[in-house]
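Peer 1: Before I ask anything, let me first share the structure, which is written out below as structure tokens.
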Amino acid sequence: MKLHLNIKQILPLLALVAIIYSGCKKYDNPPPFFEEPITRSTVQRKVIVISIDGLTGSELKAIAPPVIEGLRKTSKYTYDVLRGSVANDVASWASMLNGVSYAKHLIKEDDFLPTPKANSHETPAVFRNSFDYILQYKSLKTAIVTPWPNLRNYLRIADFAPVVSTDVAVKDSVINILNAQTQLGAMVVNFKDVQVAGNNGGYIATNADYKNAVLKADEYVGNIVTAIKARKTYANEDWLIILTSNHGGSNSDPKPGFLIASQKNLKEEEVKKTGFNTILFKGGTTIAEVLNDNGLYDPGETKDFTVQMQVKFNVQTSYPGFLSKGTSMIGSAITGWMFRQGGAGVSAAVGGTLNGGSGKVEYNTGNAADLSWHTITMTVKMDNATTRTLTTYLDGVQMTTANILSRRSLSSTEKLTIGYKNVDNGGTGLSFQAADLLYFNTALDAATILANKGLKDITQHPKYANLKGYWPINEGAEGILSNKAPGGYDMFLSGPYTWVSLGKDVPVSVTPDPNASGKSILLTSSAVSTTMLYWLNIKILPEFGMDGNPFLNQFEIEFLK
């Protein structure tokens, strides 16, 4: 389209351009302004991990060796590193170096390869070690110095891995590397003599050989610290020194170890777990389950049993199952048993569809989803040849009872599970915490249930001998829910599980911690790797699969200047 302008229209436009042009030339351009250059720190973060294998946290505290005590004065530390369900030398070192709990990495043999789970056809996942990430994301050199060839091989990606056979040779090689390699950024050091001494006379401070080995290791630590400070580049370096042990005690009787993270600006503080710490079961993929119970939790056709759990829902949703030993429930089809949420209510459903019995029947368990802690209980009792009674309870009070004999066998190949179970494709909007899951191989009577709904010491339960599963769900870390019953099996976590600290918000069966204020920090072996990456400013991405706690991120006010 053409635009036609007459002279009367053009003249005002020309005048406006002239005014703008003359206005622009009326003033001189402002003189150039140069800001002061931003001074960016040239200090480079570096990290060294020194493991004194076999040194128990309690014995370190009792011996109080002078060099380590000095480092503790500028550190966040604990004498109580939580050991995993498998805490031998291999499993613990694997967790220290890949930031993953044994429940995930399944490494426990000397070849440092994962061992498949029993009765599982799944291929174990493989997790990268911390040096792999450091070499990917940073222009730094790495080193491993250990007298253990298997460990040296596991970290064969390291730039420097001298072959040594004694602790004194470890110390000398570490000092040589520190003196010669200015680009060194991460080093792992392993001393073994303390563990050897503990094997002869006990892992206790009263064993003279053990104590002397600890003091000698302390001397070596002092030599290494001196070498760090003597580096030509030390003025432009910010070293984090992590002192730890793969575990305290022996392979056959592991004890809690210790972890001291020392840096010049850190204030002395012991970190510890406080209050109630449990799993946030959220969505459709956060699951805890017994992988193989060898029939122990099989409800069968005639078996008596009781299942009870403390639960607190964070949302009201329909209809997902959240505790079960059975199949999903689509329409009336279900085999086994299940507790499911339905808005503010909770119900128990049973059926024997796959076993020739009737399908779903549901029994109200009451308004247990009101966002408060509640105790839910279900008992099944074979009364006689014509009656198998199911009874539900809420907070110890009986809610419903019915004869479920027509369901026939409740047996299912499904695992005993905490977490999502599909109900009529009703969504995965679960969000809840759980505690004190109990499984008895007998049907408790109403009076016993009411009298013991808030029992804090399970060993005092009148039917303790019948307890085959007791999972407190209060570990606070790692991927295993330990079974504290006289017999039974642990539960393994899967999916994107999260441990949350609820402080003094506890169910009736848990004793409140009067000191449950401030931070709750429970450290595991896997915290070593994540703390290394954190210190080197390597972002720990979800796809790494790490579950160690990079706990120094909670104290940045002390060292970020």
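Peer 1: Which of the residues that make up the stretch 265-312 are in a strand (DSSP E or B) and charged (D, E, K, R)?
Peer 2: If we filter the stretch 265-312 for residues that are in a strand (DSSP E or B), which is where we start, we get 269-270, 276-282, 287-289, 305-312.
Passing the criteria: E269, E270, K282, E289, K312.
Peer 1: Which residue pairs have Cβ atoms under 6 Å apart, sit 6 or more places apart or on different chains, and have a first residue in the stretch 207-225 that is open to solvent by 20 Å² or more (accessible area, probe 1.4 Å) and a second that is in a helix (DSSP H, G or I)?
Peer 2: D209/A197; K211/I63; Y220/K171; N223/K171
Peer 1: Counting only residues that are among the β-branched types (V, I, T) and over 21 Å from the mean Cα position of the chain (by Cα), which one in the stretch 90-138 is surrounded by the most Cβ atoms within 10 Å (Cβ to Cβ)? Please lay out each step first, then the result.
Peer 2: First, the residues of the stretch 90-138 that are among the β-branched types (V, I, T): 90, 100, 107, 115, 123, 126, 134.
Filter once more, keeping what is over 21 Å from the mean Cα position of the chain (by Cα): 123, 134.
Numbers: T123: 8, I134: 22.
Filtering the stretch 90-138 for residues that are among the β-branched types (V, I, T) and over 21 Å from the mean Cα position of the chain (by Cα), the one surrounded by the most Cβ atoms within 10 Å (Cβ to Cβ) comes out as I134.
Peer 1: Does the stretch 522-532 contain any residue that is more than 26 Å from Y79 (Cα to Cα) and among the aliphatic types (A, V, I, L, M)?
Peer 2: The answer is no; no qualifying residue exists.
Peer 1: Name the single residue, out of those in the stretch 458-485 being of a type in the set (V, I, T) and either at pLDDT below 95 or open to solvent by 50 Å² or more (accessible area, probe 1.4 Å) (or both), that is farthest from Q398 (Cα to Cα). Please lay out each step first, then the result.
Peer 2: The initial filter retains those residues of the stretch 458-485 that are of a type in the set (V, I, T), namely 458-459, 473, 480.
Then keep just the ones that are either at pLDDT below 95 or open to solvent by 50 Å² or more (accessible area, probe 1.4 Å) (or both); that gives 459, 480.
On the way: T459: 24, I480: 32 Å.
The qualifying residue farthest from Q398 (Cα to Cα) is I480.
Peer 1: On to the next question. Out of the residues in the stretch 397-413 that are open to solvent by less than 70 Å² (accessible area, probe 1.4 Å) and without any contact (Cβ under 8 Å) to a residue 60 or more places away in the chain, which is farthest from S509 (Cα to Cα)? Give the steps one after another, and end with the answer.
Peer 2: Just the residues of the stretch 397-413 that are open to solvent by less than 70 Å² (accessible area, probe 1.4 Å), to begin with: 400, 402, 404-407, 409-412.
From what's left, without any contact (Cβ under 8 Å) to a residue 60 or more places away in the chain: 400, 402, 404-407.
Details: T400: 23, A402: 28, I404: 30, L405: 32, S406: 35, R407: 33 Å.
The selected residue is S406.
Residue by residue, here is whether (1) touching a helix residue (DSSP H, G or I) at 6+ places or on another chain (Cβ under 7 Å); (2) open to solvent by 20 Å² or more (accessible area, probe 1.4 Å); (3) not charged (D, E, K, R) holds:
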position	(1), (2), (3)
S252	no, yes, yes
A261	yes, no, yes
L266	yes, no, yes
E269	no, yes, no
K273	no, yes, no
G284	no, yes, yes
E289	no, yes, no
N292	no, yes, yes
L296	no, yes, yes
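Peer 1: Answer yes or no: is there a residue in the stretch 313-334 that is among the β-branched types (V, I, T), open to solvent by 10 Å² or more (accessible area, probe 1.4 Å), over 25 Å from I449 (Cα atoms) and not in a strand (DSSP E or B).
Peer 2: Looking for residues that are among the β-branched types (V, I, T), open to solvent by 10 Å² or more (accessible area, probe 1.4 Å), over 25 Å from I449 (Cα atoms) and not in a strand (DSSP E or B), one finds at least one in the stretch 313-334, hence yes.
Peer 1: Can you list residue pairs whose Cβ atoms sit under 9 Å apart, with the first residue in the stretch 309-326 being more than 15 Å from A434 (Cα to Cα) and the second being buried (at least 22 other Cβ atoms within 10 Å of the Cβ) and charged (D, E, K, R)? Count only pairs 6 or more apart in sequence or on different chains.
Peer 2: Close Cβ pairs (under 9 Å, with a partner that is buried (at least 22 other Cβ atoms within 10 Å of the Cβ) and charged (D, E, K, R)) amount to S318/R340; Y319/R340; P320/R340; P320/K421; G326/K421.
Peer 1: Looking only at the stretch 238-250, how many residues end up being open to solvent by 10 Å² or more (accessible area, probe 1.4 Å) and not hydroxyl-bearing (S, T, Y)? Can you show your working first?
Peer 2: Kept after step one, since they are open to solvent by 10 Å² or more (accessible area, probe 1.4 Å), are these residues of the stretch 238-250: 238-239, 241, 250.
Those still in the list that are not hydroxyl-bearing (S, T, Y) too: 238-239, 241.
Qualifying residue count for the region: 3.
Peer 1: Check L455, L394, L450, L416 and return the single one that is buried (at least 22 other Cβ atoms within 10 Å of the Cβ) and of a type outside the set (V, I, T).
Peer 2: Within the list L455, L394, L450, L416, the selection yields L416.
Peer 1: Inspect the stretch 357-367 for any residue being surrounded by 15 or more Cβ atoms within 10 Å (Cβ to Cβ), modelled with pLDDT of 95 or more and either in a helix (DSSP H, G or I) or within 36 Å of the chain's Cα centre (by Cα) (or both) and give the result as yes or no.
Peer 2: The answer is no; no qualifying residue exists.
Peer 1: Any idea which residue in the stretch 378-399 is farthest from A451 (Cα to Cα), counting only those that are of a type in the set (V, I, T), touching a Leu at 6+ places or on another chain (Cβ under 8 Å) and assigned to a strand (DSSP E or B)?
Peer 2: Keep residues of the stretch 378-399 that are of a type in the set (V, I, T), which gives 379-380, 386-387, 389, 391-392, 397.
Then drop every residue that is not touching a Leu at 6+ places or on another chain (Cβ under 8 Å), which leaves 379-380, 386-387, 397.
Okay, now just the ones that are also assigned to a strand (DSSP E or B), so 379-380, 387, 397.
Values: T379: 15, V380: 19, T387: 26, V397: 10 Å.
Within the stretch 378-399, the match that is farthest from A451 (Cα to Cα) is T387.
Peer 1: Read through the list (1) surrounded by fewer than 21 Cβ atoms within 10 Å (Cβ to Cβ); (2) closer than 18 Å to L71 by Cβ, then give the number of the only condition that N176 fails.
Peer 2: The number of the failed condition is (2).
Peer 1: With respect to F127, is the statement that it is at positive phi and touching a helix residue (DSSP H, G or I) at 6+ places or on another chain (Cβ under 6 Å) true? First the steps, then the outcome.
Peer 2: Numbers: at positive phi: no; touching a helix residue (DSSP H, G or I) at 6+ places or on another chain (Cβ under 6 Å): yes.
When the stated conditions are applied, F127 does not pass them.
Peer 1: How many of the residues making up the stretch 57-77 are surrounded by fewer than 19 Cβ atoms within 10 Å (Cβ to Cβ), among the charged types (D, E, K, R) and more than 23 Å from V47 (Cβ to Cβ)?
Peer 2: The qualifying residues number 1.
Peer 1: I need every pair where a residue in the stretch 137-148 that is over 11 Å from V164 (Cβ atoms) has its Cβ under 9 Å from the Cβ of a residue that is assigned to a strand (DSSP E or B) and open to solvent by 10 Å² or more (accessible area, probe 1.4 Å), sequence separation at least 6 or different chains.
Peer 2: So the pair list comes out as L140/Q44; K141/F160; T142/F160; A143/F160.
The values are calculated or read from the model by the stated rules, or taken from the named source; none is laboratory data. Because the structure is predicted, anything quoted here is derived from the model rather than measured. Methodologically, a virtual Cβ is constructed for each residue, glycine included, from the backbone with ideal geometry; neighbour enumeration extends over all protein chains shown. Accessible surface is based on the protein model in full, side chains and every heavy atom, while ligands, DNA and RNA are left aside. Shrake-Rupley method; radii C 1.70, N 1.55, O 1.52, S 1.80 Å.
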